Amino acid sequence: MTKVNLGLEGRVAIITGAARGIGRATLHRMMAEGVHVLAWDIDPAWAEEITRIATPDGVKIAAFIGDVSLAEAWQEAVKSALAHFGRLDFLFSNAGISGPAHPVSRYEEADFDRVMAINARGVYLGLKYVGQHLSAEGKGVIVNVSSISGLSGGGNIFAYTASKHAVVGMTKSAAVHYAPNGVRVLAICPSPTDTEMMGYAERLVMPDDPQAARPIFTQGVPMGRYAEPEEIANVFAFLISDQASFMTGTIVPVDGGTMAR
């Protein structure tokens with residue numbers, strides 16, 4: 001099969017939550033597309049780990065360590081991307097946590113605030129500070145990671161569901177705001193994906209045999225399986241390319257048919 005040239009070579013992306021899961025898969029997809037990446041994670045060990053990642057010729061990556069819930073971290077990340085690469089074109093706002101698995105009646109305020117700080121405030125700050133830069137440049141794309149839980153009830157993961165609904169709303173609002181300035185804003189809504197976050201959920205449900213919990217999480221997925229992180233990364237690559245140039249404010253389920261039920 002002939003590979004479609006997405007025309008992304010030489011561009012620059014910030015990826016949050018880049019150390020693992022969907023973020024890591026997206027980092028590798030961007031490198032394969034010739035995109036330079038400021039790879040953001042909160043784990044200080046990431047700065048050392050990233051030095052061991054092999055990069056294609058001409059492609060550069062740099063680690064950024066910071067908390068996505070802090071405005072100063074976002075301001076510094078934009079400066080760091082410009083200092084390392086001389087430009088900034090894309091943001092993949094992917095960092096997130098699941099939080100405790102409780103319904104609203106048993107959800108602790110501190111847990112709620114922590115989930116919202118990372119999953120919702122972190123997306124807001126990316127939209128603000130990266131959006132300001134891209135708007136001044138007159139071009140660029142921001143893709144936020146929501147979830148199918150941002151499109152439905154979400155069961156016992158109360159704060160996670162609230163935060164992912166917030167991501168959908170912020171994406172639509174920011175898309176309208178930035179569209180006149182040439183900046184596109186979209187969101188991806190994955191169904192359960194084969195990442196450490198789902199591994200944590202499996203262990204909560206069946207501590208003695210986590211793999212046996214998978215049918216519980218896939219029973220509502222017509223395709224009958226988890227998404228692979230690379231499948232989410234592929235959608236991001238398409239959305240930031242000119243192949244998707246008339247898409248903004250779009251909320252894209254990547255869910256094996258779950259929301260089609």
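Where a number appears in this text, it was derived from the coordinates with a stated rule and is not lab data. Because the structure is a prediction, the values reported are computed rather than measured. A quick note on method: Cβ atoms are made from the backbone with ideal geometry, for glycine too, and the neighbour counts reach across all protein chains shown.
If we count every other residue with Cβ under 14 angstrom of Pro210's Cβ, Lys/Arg +1 and Asp/Glu -1, where does the sum land? Net of charged neighbours comes to -3. Charge dipole of segment 49-171 (Cα centre as origin; +1 on each Lys and Arg Cβ, -1 on each Asp and Glu Cβ, all else neutral): 260 debye, rounded to the nearest 20. Would you mind calculating the relative contact order of the chain from Cα pairs under 8 angstrom and at least 6 residues apart, reporting the percent as a whole number? Over the chain, the number comes to 20 percent.
How would you classify segment 14-137 from its alpha-carbon gyration tensor, with a ≥ b ≥ c the square roots of the eigenvalues: rounded for a/c under 1.5, else prolate if a/b is greater than b/c, otherwise oblate? Here segment 14-137 falls in the prolate category.
Taking every DSSP helix (H) stretch of at least 4 residues in the chain, weighting each as -39,500 (n - 2.57) and dividing the sum by the residue count yields a mean residue ellipticity at 222 nm of -12000 deg cm²/dmol.
The charge dipole of the chain, taken about the Cα centre with unit charges on the Cβ atoms of Lys, Arg (+1) and Asp, Glu (-1), comes to about 660 debye, rounded to the nearest 20. Evaluated at q = 0.16, 0.17, 0.18 Å⁻¹, a Debye calculation over the C-alpha positions of segment 161-261 (equal weights, vacuum) places log10 I(q)/I(0) at -0.79, -0.86, -0.93. Once you mark the GluC sites (Glu not before Pro) that are in a DSSP loop and have at most 15 other Cβ atoms within 10 Å, what is the longest gap between them in the chain? Result for the longest clean stretch: 109-261.
Candidate cross-link partners of Lys60 among the lysines, defined by an alpha-carbon separation under 26 Å and a same-chain spacing of 8 or more, comprise Lys3, Lys79, Lys128, Lys139. Distance between the modelled labels on Asp209 and Asp242, one decimal in nanometres: 5.4 nm (7 Å Cα→Cβ projection).
Once the other residues with Cβ under 9 Å from the Cβ of Gly66 are scored (Lys, Arg +1; Asp, Glu -1), what is the net sum? So the environment of Gly66 carries a net charge of -4. Per-residue Cβ neighbour counts within 10 Å put Met259, Met170 in the sequence Met259, Met170, beginning with the fewest.
Within the chain, what percent of beta bridges assigned by DSSP are antiparallel, to the nearest 5? Among the beta bridges of the chain, antiparallel pairing accounts for roughly 0 percent.
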